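Worksheet: the structure to be examined is printed underneath.
Every number here is computed from the coordinates shown, using simple stated rules; none is lab data. Note that the structure is predicted; figures quoted are calculated from it, not measured. Note that we place each Cβ from the backbone using ideal geometry, even for glycine, and neighbour counts take in every protein chain shown.
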Protein chains: 2
Amino acid sequence: MITDLHHFLSEEAKSRRPSPLKVAFKYYGQEGLVFLGGGLPMSDYFPWEKIVAYSPSAPFTGSAGIAEKPSDTGKATITELKKQKVESYDIPLARSLQYGYTSGQPELLDFVKKHTEIIHHPPYEEWDAITSIGNTEAWDSTLRTFCNAGDTVLFEEYTFPSAVETANALSVSFAPVHMDSYGIVPEELEKLMANWDSSKPKPKLLYTICTGQNPTGSSLSDERRKQIYKIACKYDFIIVEDEPYYFLQMGEYDAKADATKMKTPTHEEFLNSLVKSFLSMDLEGRVIRLDSCSKVFAPGTRLGWIVAQKDILERYVRLHEVTIQTSSGFTQSIVAGLLGRWGQEGFIDWLIGLRKEYAIKRNFTVHCLDKYMPKIVSYTPPVAGMFFTVSIDASKHPRFATEYDSDPVKVEDAVFNRALKEGSLMIPGSWFRSPNFEIKDDTFFFRGTYAAVDLEKLDLGLERFGKAIKEVFEIE
Amino acid sequence: MITDLHHFLSEEAKSRRPSPLKVAFKYYGQEGLVFLGGGLPMSDYFPWEKIVAYSPSAPFTGSAGIAEKPSDTGKATITELKKQKVESYDIPLARSLQYGYTSGQPELLDFVKKHTEIIHHPPYEEWDAITSIGNTEAWDSTLRTFCNAGDTVLFEEYTFPSAVETANALSVSFAPVHMDSYGIVPEELEKLMANWDSSKPKPKLLYTICTGQNPTGSSLSDERRKQIYKIACKYDFIIVEDEPYYFLQMGEYDAKADATKMKTPTHEEFLNSLVKSFLSMDLEGRVIRLDSCSKVFAPGTRLGWIVAQKDILERYVRLHEVTIQTSSGFTQSIVAGLLGRWGQEGFIDWLIGLRKEYAIKRNFTVHCLDKYMPKIVSYTPPVAGMFFTVSIDASKHPRFATEYDSDPVKVEDAVFNRALKEGSLMIPGSWFRSPNFEIKDDTFFFRGTYAAVDLEKLDLGLERFGKAIKEVFEIE
């Protein structure tokens, strides 16, 4: 039995009415009717006759989809978008470049829903999916749909600063949830909720980047997710799972394994290896899942999708109608054309290949950390995502009290500046602190990424960073 | 001397801070630095090797750009977007599909700014342009940038319902401004402001669709615009000119002229024929201009641009960073590739051709109205845009008082339903009333469009509509 989420809606969301013009549009296309109602330019005037997009070809017979570029193999998946429909999954430009379909083009939604079914099997009937223009927009729309000024949102202690900034400008109140190296600690969340000061608004949302968390690189285990979901049901709040890194699940780090020689798993093995999403255990329909093309395809697609209860998504659609309208028609046609040609199986091939690339980089990063970091540095090899962290106990500095006033952030700052001089940049962990979160110990950390550079640079950057730490801490 | 607009900013806009990560990004690309700071996926992993877009070729030697399709002429403008840069105006996919450039890709902004200079010559130095994802989004962002709940916005009495809905959900207060067949009446606006109830918040914004207004089809003359601008300066408010139809300026209707044989103007003649924008007279920098590709190219591009004071646009960029980020990279690459190949002159050719198409349709529409509408119907041939209106004095109905309770909306409704039965649909004017606007007379109107159908259907639709009016009004 799903929960009615309407009591969570913001005043803004409650007040949104459908456009009166929708009443007219229900007659659009009616047999024999001359429709002079809508200001739609004729597609004859669109200046694009045809778009052709060249992509790697599925099925990917080698070990990795992304290793097989058309230029390397001579193969190519060609999406040719004329004004007429080419294949059943193609969205003709005459439609994708026209007004309409705020919730997303049907062909694209069809693929996305089947994909969601394969990956997450949402355990209730009334779920649906709509497109977004990426998780940043989806998160902003989520806040506008649920939060009035002063409403409380649960955030991970360390989180993505843009997500904070989005909420901050809407005057949301922040409640940080304690994490360790494996993400949110369920017992701490339970304690927080059990002792909630009843004079303050009860949290409506928990915002979590639960897989390959930004910035900590941590990932919640299946077990922790189950516990957190139970707490959400008990204390009646919504879980917003922001999951851009979900498919970058490299698995446990094995110092002896050579990721380049990793056996390509079967699709079944791959699917079984994925951590259970909150959506997959969402019997009550209280999860809003945000998925994105940014990390699995490219950030500039500006395309993502939101999965939630159908009638909650209706409120998002009302919002989208008067803000973004929908994502770019070029994007929708090109992405649907690619996914259609690949099929669900080809897409999974691609994801397997992508994961392998990240596994190679993750492993290489850990080798470098083992090689270059002094003993005072600790790190947990990430099992997912783009980020890793290195942590240091600032109190180990010989002059922590005298030179740094016993303030770990001052030591962090010294390391940042020293590393810059050495020619390496990672981001200080304190920059990711969520509001109202007070650090209780002397540990600081840096967030690095293995996503954006090649292995050679990664090695060089980490060597320099290790040197900087040694210099600041005066380690031989 | 431009006016400082900061006192107009909303609490939300004032509270927006740049992401702390920006501090790190200023080191990005620094010589010799290994940057492990940003979670940017490598473009090697983007699954699009190349995009090729086929478009009509400039210069358009015939009478109309849009008449010259590649399929008709064998000519084509081919934008080929490889990972490497092809031409100086091309945006490589490796960049457009990556994160960054929230305010828009430089090549596109460069074109847009030169275009703005050619068309509007903004009369102050500190103006700038950023991309939007269309005027709906730009209007929402404008409201969020300037309005707190309860702030007053001036709206045209009849306006675009989505623009109202956007404002309504933000709890904005509406002040309707009186219009006639030629748009806002400056004397009425002056009166409204002079008699403003000082217990109510003074209007911050005037929202106007000043050319080819939706729904009335009216366009403000140069003279009215000057007067309105003066009133804005006197009473200190911002003018938001929402101008999707600006380039659909067909000029005065001439019953004797054959639009299909209209002489193609020189570029100079064309530019001189355009009505002066508010931006073009904006000595004080108090205009926010919203331009869009939706009507000149295609709605599904989801691309537009905002012109305003540079440091006000900075507030929009902070907002965009945590909402839409930027418009689709596919869109930006494809549109910049097209515009770059056409050049400013080719784009003007295109606009001249587009205007001609709309002039043909406008003229045809007026011919049909002359032919089919009974005498009680009045209409002013539009000089711009996609819309026309037909107005009727409801009190001319023989049983206005007895059958319709002297309510013009009831007569309007009867006409709407009758026309539907006849097989023709236009939108009732009352659906476009802005909040707080009370109709003072017995006139009602319908909005039609000549944009979306061909001439044959237009003729049929108007014949049927005329018949419906005659039936309801019992005219032989």
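Annotations
- Binning the C-alpha pair distances of the protein assembly as shown at 10 Å intervals from 0 yields a P(r) profile of 2, 11, 20, 23, 20, 13, 7, 3, 1, 0, 0 %, listed from the shortest bin outward.
- Gain on full stretching of the segment that runs from B:GLU126 to B:GLU345 - 0.36 nm per residue minus C-alpha separation: 76.3 nm
- Partner shielding of A:332-339 amounts to 2, given as the average count of beta-carbon atoms from other chains within 10 Å of each residue beta-carbon.
- Residue mean of other protein chain beta carbons inside 10 Å, A:297-309: 6
- Here the simple spin-label model places points 7 Å from the Cα toward Cβ, and for B:HIS367 and A:VAL86 these points are separated by 3.9 nm.
- Ordering of A:318-327, A:402-411 by packing [mean C-beta count within 10 Å, highest first]: A:318-327, A:402-411
- Taking amide H atoms as placed 1.01 Å from N in the peptide plane, the amide H of A:ILE288 lies under 5 Å from those of A:ILE239, A:VAL240, A:GLU241, each 5 or more residues away in sequence or on another chain.
- In nm, spacing of pseudo-spin labels at B:GLU252 and B:ASP197 (7 Å Cα→C-beta vector): 4.2
- Two-site label geometry, B:ILE118 and A:LEU283: point separation in nm, points 7 Å out along Cα→Cβ: 6.5
- Each other copy holds its own label point for B:LYS371; taking that point as 7 Å from Cα along Cα to Cβ, the gaps run 8.2 nm, nearest first.
- Förster-model FRET efficiency, 45 Å R0, A:ALA149 and A:GLU471, C-beta, rounded to 0.05: 0.45
- Largest first, the three principal axis extents of the alpha carbons in the range B:124-219 are 36, 33, 33 Å in whole numbers.
- Calculation over all alpha carbon pairs of the range B:358-472 in 5 angstrom steps from 0 returns a P(r) of 2, 12, 23, 25, 19, 12, 6, 2, 0 percent.
- With the helix formula -39500 (n - 2.57) applied to DSSP H stretches of n ≥ 4, chain B reaches a computed 222 nm mean residue ellipticity of -11500 deg cm²/dmol.
- Ranked by the mean number of other Cβ atoms within 10 Å of their residues, highest first, the peptides A:189-198, A:228-237 fall in the order A:228-237, A:189-198.
- Label-point spacing for A:GLU471 across the identical copies (point 7 Å from Cα in the Cβ direction), in nm and ascending order: 8.7.
- Part-to-part distance (alpha-carbon centres) for the range A:228-275 and the range B:82-111, which is given in Å: 34
- Gyration tensor (alpha-carbon) shape descriptor, chain A, a/c threshold 1.5: oblate
- FRET efficiency estimate (nearest 0.05) - Cβ-Cβ, B:LYS230 to B:ASP4, R0 30 angstrom: 0.95
- Comparing Cα centroids, the range A:349-418 and the range B:168-189 end up 58 angstrom apart.
- Shielding by partners for peptide B:153-162, expressed as the average number of C-beta atoms from other protein chains within 10 Å of each residue's C-beta, is 2.
- Long pairs among A:LYS295/B:LYS22; A:LYS440/B:LYS26; B:LYS226/B:LYS310, criterion Cα-Cα beyond 28 Å: A:LYS440/B:LYS26
- Taking every alpha-carbon pair under 8 Å whose residues sit at least 6 apart, the range B:358-472 reaches a relative contact order of 37 percent.
- Centroid-to-centroid separation of the range B:296-340 and the range B:457-473 [C-alpha atoms, Å]: 42
- Summary for A:ALA257: label point 7 Å along Cα→Cβ; distances to the equivalent points in the other copies, ascending, 7.4 nm.
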